[in-house]
1. Can you name the residue in the range 225-240 that is within 15 Å of the ligand (Cβ to nearest atom) and more than 24 Å from residue 206 (Cβ to Cβ) and is also surrounded by the fewest Cβ atoms within 10 Å (Cβ to Cβ) among such residues?
2. Return the residues of the range 125-137 that are without any contact (Cβ under 8 Å) to a residue 60 or more places away in the chain, part of a loop (DSSP other than H, G, I, E, B) and in contact with a helix residue (DSSP H, G or I) (Cβ under 8 Å, 6 or more places away or on another chain); say none if nothing qualifies.
3. Only helices (runs of 4 or more DSSP H) wholly contained in the range 63-124 count here; list those with 3 or more residues that are farther than 17 Å from residue 41 by Cβ.
4. Within the range 183-205, identify whether any single residue is within 12 Å of the ligand (Cβ to nearest atom) and surrounded by fewer than 19 Cβ atoms within 10 Å (Cβ to Cβ), and answer yes or no.
5. Condition first: over 18 Å from the mean Cα position of the chain (by Cα) and either modelled with pLDDT under 95 or more than 15 Å from the ligand (Cβ to nearest atom) (or both). Can you find one or more residues in the range 161-173 that meet it?
6. Search the range 77-108 for residues being touching a strand residue (DSSP E or B) at 6+ places or on another chain (Cβ under 6 Å) and within 16 Å of the ligand (Cβ to nearest atom), and hand back the single one that is farthest from residue 149 (Cα to Cα).
7. Out of curiosity, is residue 156 at pLDDT 95 or above, in contact with a helix residue (DSSP H, G or I) (Cβ under 8 Å, 6 or more places away or on another chain) and more than 16 Å from the ligand (Cβ to nearest atom)?
Ligand code: PEP
C-alpha cells in the first residue's frame, strides 16, 4: 500500500563529472524500477546538471538542505523555489548533520518543511536520537519532540506529502546499523505519533524510511519490517553497484 522510497544522500561528495558518471550507471540499471520511488541527493552545484541528465528517467532529484525564505538578503542560502527551478522534487530537511554541526533546531526545521511544501516539493524529514539519548531512555521523548515540533501546523493533506526518515544518529556513518527489531520498534512508535497528531489513516499512508549504515547486506532484513517503507542511504549511495542492490531489495 505504501510505495517504497530508496533515497541516496551523497553528502559533501562528488564533482559534477563524478555525479554525472554515477547517474549514468543508476539510469542504466534502474530504468525499470518504477515500483519504488528512487531519489538521489547530490551537492547543490551538481543539481542542475544532474536534473538535465535525469530527464525522462523515473529517478527523482533531492537537495540536501534549503532555507525557508524564497528570496531576499540571505547570503549563502538556497530556497525551495530555486531548488525547484534547478529540477528538484524533494528536499532533505533536518538531517542529523545539519542539527549537530549547524545548530538546526526543531523550530527551524518546521519552517523549512512548510517552505518546501509550499513550493510543491516533498520534504524528507529526518529525525533520530543520539546514542546518549538512547542509553538514557530518552529516545521516545526525543522522537516525540522532533515529530511534534517539526510537523507543527501541517494539515493532513500536507502531511501526506512528507516522507519521514528515522535515522538513529549512532548508526549514521558508523557502520553500526540498528537491529531490525530496534528499527521496527522506532518506526512503529513514530507511526503512532503521527496517528495521534493527524489520524490513523494519515499515519498508515506516510512513508517512514530507515537511515543509518544501510548496506546491500542488511537492506533486505530492514525492508521486511512492517513499518519500514524505504531507506535513506549515505555512504553506500556513492557506489553504483551498492545503491542498485539496495534499490533492488528482496
Ligand atoms: C545519511 O547520511 O543519512 C546516512 C544514513 O548515512 P550512512 O548510510 O553513511 O550511515
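The values are calculated or read from the model by the stated rules, or taken from the named source; none is laboratory data. All values reported here derive from a predicted model rather than from experimental measurement. Don't worry about glycine lacking a Cβ; one is built from the backbone with ideal geometry, like all the others, and counts go over all protein chains shown.
1. 239
2. Of everything in the range 125-137, those that are without any contact (Cβ under 8 Å) to a residue 60 or more places away in the chain, part of a loop (DSSP other than H, G, I, E, B) and in contact with a helix residue (DSSP H, G or I) (Cβ under 8 Å, 6 or more places away or on another chain) turn out to be 129, 130.
3. The helices (runs of 4 or more DSSP H) meeting that bar are 106-118.
4. No.
5. In the first step, residues of the range 161-173 are kept if they are over 18 Å from the mean Cα position of the chain (by Cα); the result is none.
No - not one qualifying residue is present in the range 161-173.
6. Of the residues in the range 77-108, the ones touching a strand residue (DSSP E or B) at 6+ places or on another chain (Cβ under 6 Å) are 83, 87-95.
From what's left, within 16 Å of the ligand (Cβ to nearest atom): 90-95.
Values: 90: 21, 91: 18, 92: 17, 93: 13, 94: 12, 95: 15 Å.
Checked the range 77-108; the qualifying residue farthest from residue 149 (Cα to Cα) is 90.
7. yes
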